[in-house]
Amino acid sequence: MAHLDWLYDIFKDHLAAPCLVSNDQPFTYEWLLEIISQWRACFIQMGLSPGAIVALQGDFSPQMVAALLALIDHSAVIVPLSPSVGPQQQEFMEIAEVQMAIRPSLDGLHEVQRFEREPENDLSRKLVARGHPGLVLFSSGSTGKSKAALHDFIPLLGKFKTPRRTMKVLTFLMIDHIGGMNTLFYVLSNAGAAVTIADRDPDSACAAIEKHKVELLPTSPTFLNLLLMSEAYTRYDLSSLRLITYGTEVMPESTLTKLHALFPSAKIQQTYGLSELGILRSKSQDSGSLWVKVGGEDFDVKVRDGTLWVKARTAMLGYLNAPSPFDEEGWLDTGDLVEQNGDYVRFLGRRSEMINVGGRKVYPAEVENVLLQMENIKDATVRGERNPITGHIVVARINVTEPEDRTSVHHRIREFCRSRLEPYKVPVKVEIVEGNQFGGRYKKTRRLG
């Protein structure tokens, strides 16, 4: 079935334009159409049946994108697995009941692995019976076990039929992340160009932005904080940036304030989406504000007891390895705690990350925001640790710029926080750590201890 004829019509109108830039080499829409055709022929030769569950292993690359589009047209159920998955890859393929794993390569020598298994999950079977392509996305598991969300790909693609601005975009978010998929189809449906990078560190990202005149940087608050601390923005010309979007976690106000001052000509916009729902339309109150309006034509939004609830026409069919999280009317309790001001909300944090100190709520992001304003602290992650008296205590894990004695740091933190936070929010325990405090998706990892 030709599920993507509408998209290929856009490609045909822009044959000579670059659709992807990989290893500094541009690939045109004409090239992409040809490689998609080759993948289609390859699937027939392999004997791949429509409805087969196929893992695509790798990062953004021209061959990866072509294989993805060809699999959609082949009505396959696609399980993208980026390198960030690491040792969980085998577990994820078993949960998704993968029947074939494909690792595309630039030179065309693709690695293929077959598995003798028939799908037993009722959700997968129902989707295959529809004749629609599917998408399986695994949650990051930053606060627990990863869940496998199964989507019908057709509703997810519907919103991209509305034309938007053509832009050159950095593919920072992973291909197995809902934000990465959103980035890719935004680019392709508007005849833009996706610029890929091998390493997602500040210097690599900034070098690509300068060289290829990238206009849109979609990323996370954690990466933006790294960008500020590294001062990589001073070593490259980033004047081409017109839009910086951030999501996946709460943005520290101090980080946003610095970013807004450094990039006054770029619009800074908060985004919001979940693997279970897709990406909602969003509108920040302004570039320096944490207040954002979320929703759009495919979404209904409400706040109940301080928590954001969403009902989406692009919602997943369900989890492959967990009960359905939707209520009888199709609403999802997102677990995101918010403040509300008219049509706008401000995200406070995940309910699963909230620290309960003697019955009083502590949001990790609020404490982290204060810590990041201190001298010699380049990163901070706050979590709760169980305590027999108060329920939890506040624990801060910090990275320092220059070596400093833990006792000295703890004293400075206590004094600094006491003047800015209620006493129960002040970290009781401070740990100085080496290395990064985030996962492969550049998102902080917090678990209650």
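The values are calculated or read from the model by the stated rules, or taken from the named source; none is laboratory data. In this text the structure is predicted, and so the values were computed from the model without any measurement. Here the Cβ positions follow ideal geometry from the backbone for every residue, glycine too, while neighbour counts run over all protein chains shown.
Against the numbered list (1) in a loop (DSSP other than H, G, I, E, B); (2) of a type outside the set (G, A, S); (3) within 17 Å of the chain's Cα centre (by Cα), V294 comes up short only at (1). Restricting the search to strands (runs of 3 or more DSSP E) fully inside segment 106-217 and requiring at least 1 residues that are without any contact (Cβ under 8 Å) to a residue 40 or more places away in the chain gives 111-114. Looking across segment 300-321, the residues that are out of contact with any Leu (no Cβ under 9 Å at 6 or more places or on another chain) and more than 23 Å from I154 (Cα to Cα) come down to V303, R304, D305.
On the given criteria, is D343 within 20 Å of G247 (Cα to Cα), more than 19 Å from the chain's Cα centre (by Cα) and exposed (fewer than 15 other Cβ atoms within 10 Å of the Cβ)? Yes.
Inside segment 297-334, can you point out the residues that are part of a loop (DSSP other than H, G, I, E, B) and without any contact (Cβ under 8 Å) to a residue 12 or more places away in the chain? Those that are part of a loop (DSSP other than H, G, I, E, B) and without any contact (Cβ under 8 Å) to a residue 12 or more places away in the chain: D305, P323, S324, D327, E328. Out of all the residues in segment 394-431, which are in contact with a Gly (Cβ under 9 Å, 6 or more places away or on another chain) and crowded, with 19+ Cβ neighbours inside 10 Å? Those that are in contact with a Gly (Cβ under 9 Å, 6 or more places away or on another chain) and crowded, with 19+ Cβ neighbours inside 10 Å: V394, V395.
Filtering F115, F172 for residues that are at pLDDT 90 or above and over 30 Å from A208 (Cβ atoms) leaves a single hit, F115. For segment 166-223: of the residues being under 19 Å from I268 (Cβ atoms) and among the aromatic types (F, W, Y), which is surrounded by the fewest Cβ atoms within 10 Å (Cβ to Cβ)? Here the residue is Y186.
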